[in-house]
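A.B. asks: After the structure tokens below, expect a handful of questions from me.
The values are calculated or read from the model by the stated rules, or taken from the named source; none is laboratory data. Nothing here was measured: the structure is a model prediction, and the numbers come from that model. In this analysis, Cβ positions are derived from the backbone assuming ideal geometry, glycine residues included, and neighbour counts consider all displayed protein chains. Please note that ligands, DNA and RNA were not included when accessible areas were found on the heavy atoms of the full protein model with its side chains. Shrake-Rupley method; radii C 1.70, N 1.55, O 1.52, S 1.80 Å.
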Amino acid sequence: RPPQEEEEEAAEVGWQEKLFSQFEVDLYRNESACQTPLDRQYHEEILKLEKAGGRKNHRIFTYTDHDRFTNLEEHCQKVTDSDHEVPSYLAERMANVRRRRQDRRPVEASALKSKIITWEPTEEFIKNNHVINTPVQTMYIMGDLGPYGKLGHREYEHVLCTIKVDGNGVITVKPDFTGTQGAYRIELDGEKREVWKYTVENVSVQVQPEEEEREQSVFRDLYGRHKEYLSGLVGSEFEMTLPGTLRLFVNGEIVSAQGYEYDNIYVHFFLELPNQWSSPAFQQLSGVTQTCATKTVGWENVAYFCYPFTLEMFFTQGDESEDSLPQWPVLYFEVLSLDFWQRYRVEGYGSLVLPASPGLHMLTIPTWRPVELGTVAELRRFFIGGSPELEDITYVRIPSTFKGERLSRFGFRTETTGSVTFRLYCLQQSKAFLETSALRQRMQSVLDRLGGFSQQSSVYDVLEAFQRARRRMQEARESLPQDLISTSASTA
């Protein structure tokens, strides 16, 4: 624009503060044009303004939450910025849902419980309840960008800033405060192609330190009461583990079994707790799945059990001994089949060491079954059912009754069968996880040792043999004369 036509205006606007435009001054000056109580209130305010010397703002004015413009702006919002947009059916229906419902009465609890379902909803009920309605107060800061000397025309009014405050106390300013950004631009469509620039700044009074401290104390009091309320809901029955104790939760699932000879199979399982492990009295450490028919998936017959089970156990840390390693619980399972003539057949045995690390674990465990040489045993298995079984299922690993040093399985004939898939969600709880002292390091070392045992069970036997050999070598070395030891050392 030419320099002589450049003009600048600044206005400080408060929340829901009404600044009249030239159009509103001309409209509400005549009392005959006032129809509503709000119009008559504006008429009196404009008369007072004229007696006081007139309004100080010229191009900047506001529309508050109760003005007609706010209602029309909420009703006629466009989804896109296209000039040729045709509102869809959904946009037209959503335009009828007004979120500014400060005058709505809260629903009584008794009335809400008595009418859970509204069988014949009215049109107004649908408008008010088919979306989440959060009461919102709105305010528009407007600019009259008409030609110089011709203010008060509706076609030159433009929205400079929209401020909304919802019922949760969230303030939304659109566009945002400019701050270090450049000024916003509005380019008018006309012969002169005028460009207006404006900035939006936050000029609210800074909170005094005393008021801020008072507000923080109120918040602390509120949060404290809310914490007491939540603790009252939870109760005091939530028990913590004792120091030096690890609680292990296993939410498991027997997902499937595949690759077995006969159909209609089920799984029987139980958990063995080693030394220093215990479980609550109500905890069941064994279970049996339903009988499941198989379906052909690829080259194998798969039975999908999806059988859930829950295990809870405690590990109490005792005196750490150099000669032994702590052990992790073992889940033993047996796969059997049952046919139409009620014939039982053992399909396989297997074992699973519970994972030492928390989280999700998908494990597929292969199984085997004992066999007996000769055709008679196979005929018996085929025609009348039955097959060689383990008297002690812990023989899959190390029998619970075994007390010797060497376990020999020479001559024990087995046959590889299918596999069982487990899904395990493991959770660990211990006060040591909250500690930063030696207690946590001690518990972590125990878990590391347990984890090493669970990942490779043969390490246990190797370390035991190595420690015994080292102890014997030290005893033999101590029994030798000192001069012989020194001579042999120098010779070496």
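A.B. asks: Going residue by residue through the range 437-455, is there one that turns out to be among the aliphatic types (A, V, I, L, M), surrounded by 14 or more Cβ atoms within 10 Å (Cβ to Cβ), at pLDDT 80 or above and over 29 Å from Y307 (Cβ atoms)?
C.D. replies: First, the residues of the range 437-455 that are among the aliphatic types (A, V, I, L, M): 438-439, 443, 446-447, 450.
Narrowing further to those that are surrounded by 14 or more Cβ atoms within 10 Å (Cβ to Cβ): 439, 443, 446-447, 450.
If we keep only those that are at pLDDT 80 or above as well, we get none.
So far as the range 437-455 goes, no, none of its residues is among the aliphatic types (A, V, I, L, M), surrounded by 14 or more Cβ atoms within 10 Å (Cβ to Cβ), at pLDDT 80 or above and over 29 Å from Y307 (Cβ atoms).
A.B. asks: Something else about it: Which one is least open to solvent (accessible area, probe 1.4 Å) among residues in the range 183-199 that are part of a loop (DSSP other than H, G, I, E, B) and not hydrophobic (A, V, I, L, M, F, W, C)?
C.D. replies: Filtering the range 183-199 for residues part of a loop (DSSP other than H, G, I, E, B) gives 183, 188-194, 199.
Applying the additional criterion that residues be not hydrophobic (A, V, I, L, M, F, W, C) yields 189-194, 199.
Details: D189: 141, G190: 45, E191: 188, K192: 141, R193: 124, E194: 29, T199: 81 Å².
So, considering only residues that are part of a loop (DSSP other than H, G, I, E, B) and not hydrophobic (A, V, I, L, M, F, W, C), the one least open to solvent (accessible area, probe 1.4 Å) is E194.
A.B. asks: Return the residues of the range 200-215 that are surrounded by 10 or more Cβ atoms within 10 Å (Cβ to Cβ) and over 25 Å from V173 (Cα atoms); say none if nothing qualifies.
C.D. replies: Correct list: E213, R214.
A.B. asks: Can you name the number of the only condition in (1) without any contact (Cβ under 8 Å) to a residue 12 or more places away in the chain; (2) in contact with a helix residue (DSSP H, G or I) (Cβ under 6 Å, 6 or more places away or on another chain) that T172 fails?
C.D. replies: (2)
A.B. asks: Just need a number here: residues in the range 375-389 that are surrounded by fewer than 16 Cβ atoms within 10 Å (Cβ to Cβ), in contact (Cβ under 8 Å) with a residue 24 or more places away in the chain and out of contact with any helix residue (DSSP H, G or I) (no Cβ under 7 Å at 6 or more places or on another chain).
C.D. replies: Going residue by residue through the range 375-389, those that are surrounded by fewer than 16 Cβ atoms within 10 Å (Cβ to Cβ) are 375-380, 382-384, 386, 388-389.
Within this subset, residues satisfying the condition of being in contact (Cβ under 8 Å) with a residue 24 or more places away in the chain are 384, 386, 388-389.
Now restrict to residues that are out of contact with any helix residue (DSSP H, G or I) (no Cβ under 7 Å at 6 or more places or on another chain): 384, 388-389.
Of the residues in the range 375-389, 3 are surrounded by fewer than 16 Cβ atoms within 10 Å (Cβ to Cβ), in contact (Cβ under 8 Å) with a residue 24 or more places away in the chain and out of contact with any helix residue (DSSP H, G or I) (no Cβ under 7 Å at 6 or more places or on another chain).
A.B. asks: In contact (Cβ under 8 Å) with a residue 60 or more places away in the chain, open to solvent by 20 Å² or more (accessible area, probe 1.4 Å) and in contact with a strand residue (DSSP E or B) (Cβ under 9 Å, 6 or more places away or on another chain), is that true of P366?
C.D. replies: On the way: in contact (Cβ under 8 Å) with a residue 60 or more places away in the chain: no; open to solvent by 20 Å² or more (accessible area, probe 1.4 Å): yes; in contact with a strand residue (DSSP E or B) (Cβ under 9 Å, 6 or more places away or on another chain): yes.
For P366, the condition - in contact (Cβ under 8 Å) with a residue 60 or more places away in the chain, open to solvent by 20 Å² or more (accessible area, probe 1.4 Å) and in contact with a strand residue (DSSP E or B) (Cβ under 9 Å, 6 or more places away or on another chain) - is not met.
A.B. asks: Let me ask something else about it. Within the group T162, T178, which residue is in a loop (DSSP other than H, G, I, E, B), open to solvent by less than 80 Å² (accessible area, probe 1.4 Å) and closer than 21 Å to W15 by Cα? Show your work before the answer.
C.D. replies: Numbers: T162 fails: in a loop (DSSP other than H, G, I, E, B).
Within the list T162, T178, the selection yields T178.
A.B. asks: Can you tell me which residue within the range 216-240, out of those that are open to solvent by less than 100 Å² (accessible area, probe 1.4 Å) and within 25 Å of K431 (Cα to Cα), is modelled with the highest pLDDT?
C.D. replies: G224
A.B. asks: Considering each of G298, G348 in turn, give the residue that is crowded, with 18+ Cβ neighbours inside 10 Å and over 20 Å from R247 (Cβ atoms).
C.D. replies: Values: G298 fails: crowded, with 18+ Cβ neighbours inside 10 Å.
Being crowded, with 18+ Cβ neighbours inside 10 Å and over 20 Å from R247 (Cβ atoms) holds for just one of G298, G348, which is G348.
A.B. asks: Still on this structure: Name the residue, out of E405, E312, that is in contact (Cβ under 8 Å) with a residue 40 or more places away in the chain, among the acidic types (D, E) and out of contact with any His (no Cβ under 7 Å at 6 or more places or on another chain). Steps first, please.
C.D. replies: On the way: E405 fails: in contact (Cβ under 8 Å) with a residue 40 or more places away in the chain.
Selected residue: E312, the only one of E405, E312 that is in contact (Cβ under 8 Å) with a residue 40 or more places away in the chain, among the acidic types (D, E) and out of contact with any His (no Cβ under 7 Å at 6 or more places or on another chain).
A.B. asks: While we're here: For I163, state whether it is of a type outside the set (S, T, N, Q), touching a Cys at 6+ places or on another chain (Cβ under 7 Å) and under 19 Å from S21 (Cα atoms). Even if it seems obvious, please write down each step before you answer.
C.D. replies: Values: of a type outside the set (S, T, N, Q): yes; touching a Cys at 6+ places or on another chain (Cβ under 7 Å): no; under 19 Å from S21 (Cα atoms): yes.
For I163, the condition - of a type outside the set (S, T, N, Q), touching a Cys at 6+ places or on another chain (Cβ under 7 Å) and under 19 Å from S21 (Cα atoms) - is not met.
A.B. asks: Please specify each residue of the range 329-357 satisfying the condition of being among the aliphatic types (A, V, I, L, M) and either part of a strand (DSSP E or B) or in contact with a helix residue (DSSP H, G or I) (Cβ under 6 Å, 6 or more places away or on another chain) (or both).
C.D. replies: Answer for the range 329-357, where residues must be among the aliphatic types (A, V, I, L, M) and either part of a strand (DSSP E or B) or in contact with a helix residue (DSSP H, G or I) (Cβ under 6 Å, 6 or more places away or on another chain) (or both): V330, L331, V335, L336, L338, V346, L352, V353, A356.
A.B. asks: Return yes when E372 is open to solvent by 60 Å² or more (accessible area, probe 1.4 Å), under 22 Å from D263 (Cβ atoms) and either part of a strand (DSSP E or B) or at pLDDT below 90 (or both) and no when it is not. So that I can check it myself, show each step before the final result.
C.D. replies: Values: open to solvent by 60 Å² or more (accessible area, probe 1.4 Å): yes; under 22 Å from D263 (Cβ atoms): no; either part of a strand (DSSP E or B) or at pLDDT below 90 (or both): yes.
Against the criterion (open to solvent by 60 Å² or more (accessible area, probe 1.4 Å), under 22 Å from D263 (Cβ atoms) and either part of a strand (DSSP E or B) or at pLDDT below 90 (or both)), E372 does not qualify.
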